[in-house]
């Protein structure tokens, strides 16, 4: 069905690694065509060919795959929901929240975010909507921290880690982008 195809494309687009399995069942020509299509969706993720789902653990675990700066260099509009393609399943949408917008994260005021409140809000969101969230990415300004909190999630798997320090003259606004099925901007904001 159309939604499943679009979810697969979204997963390829945001993948840190692409595992191309069952390569023994196709011709080299088909394999090259498949890799070209994957490259058309995601230019930066390494493609690992495999048979019978046999992949070295080192290829998929502890790879520190998400690098916001690398992702922004490859796709400067990554955090801009308006730059998302428009031809897809109408139930698959993206929502961008930032503190400069008229509506922003509930329990959050303009400026520095309370990490405990943010964690509670994210846990509630993932528990209620994790199945319909394909991807979530953001840069967050946390109180009492000089570093950016880099937040990313795929479905119900959430990761957040402190990254580089905020620049001296950099505007310290938090931004979150959600990609998923049947998202309600009013519920997220």
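What follows draws every value from the coordinates through simple rules; no lab data is involved. Given the structure is predicted, the values throughout are model-derived calculations rather than measurements. Here the Cβ positions follow ideal geometry from the backbone for every residue, glycine too, while neighbour counts run over all protein chains shown.
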Footprinting proxy, 123, 132, 174: sorted fewest to most Cβ within 10 Å, the residues are 123, 132, 174
If you take the beta carbon distance between residue 12 and residue 50 as r and set R0 to 22 Å, what does 1/(1 + (r/R0)^6) give as a FRET efficiency, to the nearest 0.05?
0.90
Express the relative contact order of the range 17-59 as a whole percentage, based on alpha carbon pairs under 8 Å and six or more residues apart in sequence.
65 percent
Taking a ≥ b ≥ c as the square roots of the eigenvalues of the Cα gyration tensor, with a/c under 1.5 meaning rounded and otherwise prolate when a/b exceeds b/c and oblate if not, the range 17-59 is oblate
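For the residues 157, 47, 150, what sequence is obtained by ranking on other C-beta atoms within 10 Å, fewest first?
Values: 157 9, 47 14, 150 20.
The order, fewest Cβ neighbours first, is 157, 47, 150.
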With labels modelled as points extended 7 Å from the Cα through the Cβ direction, what inter-label distance (nm, one decimal) is found for residue 127 paired with residue 168?
4.5 nm
